[in-house]
Amino acid sequence: MSNVFINADEPLEERRKKTLTPLANKAVRERKTVETSDNESVLYIDGVVVFSVKEGLVRDNVGTVNDG
């Protein structure tokens, strides 16, 4: 099967904003601590960045800190 790309109806930023809310709701149902940045563009779950409107899902959220 060949790869098919379908043009999105909304810009990427709008789609990501709509993704943030269900992720936050799921974390609340799981009784986790949920916070968002002041402009609601970054989602923190239990103090760890999980999702941002700019980057999407943050996969490197194992809790490591880069001191360098």
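The values are calculated or read from the model by the stated rules, or taken from the named source; none is laboratory data. What you see is a predicted model; the values in this text were computed from it and never measured. Glycine gets a Cβ as well: all are built from the backbone with ideal geometry, and neighbour counts include every protein chain shown.
Looking at region 1-60, what strands (runs of 3 or more DSSP E) fall wholly within it and have at least 2 residues that are more than 10 Å from the chain's Cα centre (by Cα)? Walk me through it before giving the result.
Details: elements: 34-36, 42-45, 48-52.
Counting at least 2 such residues, we get 34-36.
For region 1-29, what are the residues that are surrounded by 10 or more Cβ atoms within 10 Å (Cβ to Cβ) and more than 20 Å from E55 (Cβ to Cβ)?
Across region 1-29, the qualifying residues are N25, V28.
Please identify the pairs in which a residue from region 29-58 that is over 16 Å from L12 (Cβ atoms) has its Cβ atom under 7 Å from the Cβ atom of a residue that is among the charged types (D, E, K, R) and in a strand (DSSP E or B), counting only partners at least 6 apart or on another chain.
Once the first residue is over 16 Å from L12 (Cβ atoms) and sits in region 29-58, its partners that are among the charged types (D, E, K, R) and in a strand (DSSP E or B) give Y44/E35.
So that you can scan it fast, the table gives a plain yes or no per residue for (1) more than 16 Å from V58 (Cα to Cα); (2) at pLDDT below 90:
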position	(1), (2)
M1	yes, yes
F5	yes, yes
L12	no, yes
R16	no, no
L23	no, no
R29	yes, no
D46	no, no
